[in-house]
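What follows is one structure encoded as structure tokens, with my remarks underneath.
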Amino acid sequence: MTDDQPLRILSLDVENILRVVAVRVRPDGKVVELTGRNRQGKSSVIEAIWMALGGEKLIPTDPIHDGAEVGRIVLDLGDDAGTQYRVTRKIVRADNEKGFATSLTIEGGDGQRFTNPQKTLNGFIGALSCDPLDFIAMKPREQFDLLKKFVAGIDFDAIARANDDDFETRTDVNRAAKAKRVQADGIRIDPDAPTERQDEGKLVAELAAAGEANAAAERFRSGLAAKKVRAEAADAAAEANRKRIEDLRKEIAALEVVADQADAEAADLRLEIAEAGDGPAVDTADLTARIHAARDANARFDAAERARADRTRLDSEAALLEKRSDELTKAMADRELAKEKAVAEAKMPVAGISFGDGAILLDGHPLAQASQAQKLNLAIAIAVALQPRLRFITTKNAALLDKDSWAALVELAEKQNLMIIAETVQSDRPTAVVIEDGRVAKPVAQAAE
């Protein structure tokens, strides 16, 4: 028994499923067209195929035709090597939460029954059917999300979220770096500011010493003035005493002694005055001016030092922010490169497929700009790739195809050796299987009641 040959539908029997009462289809060609008026059971036939293959997850809440108690789907599959499988899905109304019970059997061509039939089918179908015409009608983002399945190991959404976060962070970082640069450029440093601080303390000490010297000189001059006053007082006393000599002869001897002493003292004081000359004085105006100049120079020096420090700090902070911005840019670029590498290495359904910003690109252009034939070719290739073991696809939207697109669909089916089961509305093609009131209304070459 082969396990890698593509499987095709050999026959399909549907009984009491959804709108179908009883339909038998025996494909006799690459395209099986189910047609008729709306709400006659065409879609139910297609849904029955996937109900048989996909299991309970694809069975709707009310799968059995009104008035019936049991529905049945029998699907015969076969490959080119002659291996055949008969898939029988039985659905019975039941009084349970689902409202139905289902059973599944698979028989090989030799009558062998498979013990785990759903597991066997899961191995056949892989990812369930993608209607190619549904794919064409999808929005670009929906097409993008579907095709991502072919790129293993890449979480496109995680990459997009990380890049969005990093882009937002980088925007904030760049804004902060620019602000730091603007602040740094706005700092003005006095070009004539001193290159080193001056010693104000030394000048202040000199000023204090000068003040002390001047105070001492002032005290010296005050002492001389006091001596002068005393000398003048002594002169006055001598003169007064002489005037009184005649009147105070009895005291003359004593007064003369006193007068002589006063004369001697006055003489000594005058001698001291003559010898002392004018006391020394220090000019403090120059020192005061130098101190003020030193203070001004130091203030300018400190301002320049602070400006240089601020500029250096801001330049350093801006450089760090710019480095962070570069790192974020690289992280985003690395993610994109990893994604592009994975896409390039991925086995895509057709050549020339790539991923743009939330949209599929074909040969570098948005898929929306491709021709209808290109879109149809891609959509069918995707549907086939999603279920590589099954060599058939289904579509409920073939009524949307014009004459040329239908011809292209048939040509693709022949070229790719692919069975396409397509639903249309009121087709007049002679090979179409007409479904009416849940039955085949017109037997044709590829279908019989």
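The values are calculated or read from the model by the stated rules, or taken from the named source; none is laboratory data. None of the values given here were measured: they were computed from a predicted structure. Because the Cβ atoms are built from the backbone with ideal geometry, glycine has one as well, and the counts that use them run over all protein chains shown. Surface areas here come from the heavy atoms of the whole protein model, side chains and all, with no ligands, DNA or RNA. Shrake-Rupley method; radii C 1.70, N 1.55, O 1.52, S 1.80 Å.
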*Name every residue in segment 19-47 that is on the phi > 0 side of the Ramachandran plot and surrounded by fewer than 22 Cβ atoms within 10 Å (Cβ to Cβ), in order of residue number.*
G29, R39
*Going by the structure shown, is A127 farther than 30 Å from R89 by Cα, of a type in the set (G, A, S), at pLDDT below 85 and assigned to a loop (DSSP other than H, G, I, E, B)?*
no
*Check whether at least one residue in segment 244-267 is at pLDDT 80 or above, part of a helix (DSSP H, G or I), of a type in the set (A, V, I, L, M) and closer than 30 Å to A213 by Cα, and report yes or no.*
yes
*Please enumerate the residues belonging to segment 204-244 that are surrounded by 13 or more Cβ atoms within 10 Å (Cβ to Cβ), under 29 Å from H292 (Cβ atoms) and either basic (K, R) or in contact with a strand residue (DSSP E or B) (Cβ under 6 Å, 6 or more places away or on another chain) (or both).*
R221
*Take the residues in segment 432-449 that are at pLDDT below 90 and part of a loop (DSSP other than H, G, I, E, B), then tell me which one is nearest to P27 (Cα to Cα).*
Q446
*asked:* Pairs please, first residue from segment 299-323 and within 17 Å of T195 (Cβ to Cβ) and β-branched (V, I, T), second anywhere and open to solvent by less than 60 Å² (accessible area, probe 1.4 Å) and in a helix (DSSP H, G or I), Cβ atoms under 9 Å, 6+ apart in sequence or on different chains.
replied: T312/A184
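Those residues that are farther than 24 Å from G54 by Cα, aliphatic (A, V, I, L, M) and open to solvent by less than 60 Å² (accessible area, probe 1.4 Å), I need them from segment 400-438; list them, please. Lay out the reasoning, then the answer.
Kept after step one, since they are farther than 24 Å from G54 by Cα, are these residues of segment 400-438: 400-412, 414-416, 425-434, 436-437.
Now restrict to residues that are aliphatic (A, V, I, L, M): 400-401, 407-410, 412, 425, 432-434.
Across segment 400-438, the qualifying residues are L401, A407, A408, L409, V410, L412, A432, V433, V434.
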*asked:* Criterion first (surrounded by 16 or more Cβ atoms within 10 Å (Cβ to Cβ), of a type in the set (A, V, I, L, M, F, W, C) and in contact (Cβ under 8 Å) with a residue 12 or more places away in the chain) does A137 satisfy it?
replied: no
*asked:* Conditions first: (1) open to solvent by less than 40 Å² (accessible area, probe 1.4 Å); (2) touching a Lys or Arg at 6+ places or on another chain (Cβ under 9 Å); (3) of a type in the set (A, V, I, L, M, F, W, C). L10 passes all but one, so which condition is the exception?
replied: (1)
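Restricting to strands (runs of 3 or more DSSP E) lying wholly in segment 50-121: which have 3 or more residues that are open to solvent by 40 Å² or more (accessible area, probe 1.4 Å)?
Working: elements: 70-78, 84-93, 100-108.
Strands (runs of 3 or more DSSP E) meeting the threshold: 84-93, 100-108.
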*Would you check which residues across segment 268-285 are modelled with pLDDT of 70 or more and either open to solvent by 90 Å² or more (accessible area, probe 1.4 Å) or more than 30 Å from K202 (Cβ to Cβ) (or both) and list them?*
D268, L269, R270, L271, E272, I273, A274, E275, A276, D283
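Inspect all residues belonging to segment 53-60 and state whether any of them is touching a residue at least 40 places away in the same chain (Cβ under 8 Å) and acidic (D, E).
Looking only at segment 53-60, we keep the residues that are touching a residue at least 40 places away in the same chain (Cβ under 8 Å), and these are 53-56, 58-60.
Still in the list and also acidic (D, E): 56.
Looking for residues that are touching a residue at least 40 places away in the same chain (Cβ under 8 Å) and acidic (D, E), one finds at least one in segment 53-60, hence yes.
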*3 or more residues more than 36 Å from the chain's Cα centre (by Cα): qualifying strands (runs of 3 or more DSSP E) within segment 323-419*: 392-395
*Among the candidates A344, A351, single out the residue that is free of Cβ contacts under 8 Å to residues at least 12 places away in the same chain, under 18 Å from F156 (Cα atoms) and open to solvent by 50 Å² or more (accessible area, probe 1.4 Å).*
A344
*Only residues that are part of a helix (DSSP H, G or I), hydrophobic (A, V, I, L, M, F, W, C) and either in contact (Cβ under 8 Å) with a residue 24 or more places away in the chain or exposed (fewer than 13 other Cβ atoms within 10 Å of the Cβ) (or both): list them for segment 161-190, please.*
A162, F167, V173, A176, A177, V182, A184
*Looking at segment 193-203, which of its residues are open to solvent by 60 Å² or more (accessible area, probe 1.4 Å), touching a residue at least 60 places away in the same chain (Cβ under 8 Å) and either in a helix (DSSP H, G or I) or not polar (S, T, N, Q) (or both)?*
E196, R197, D199
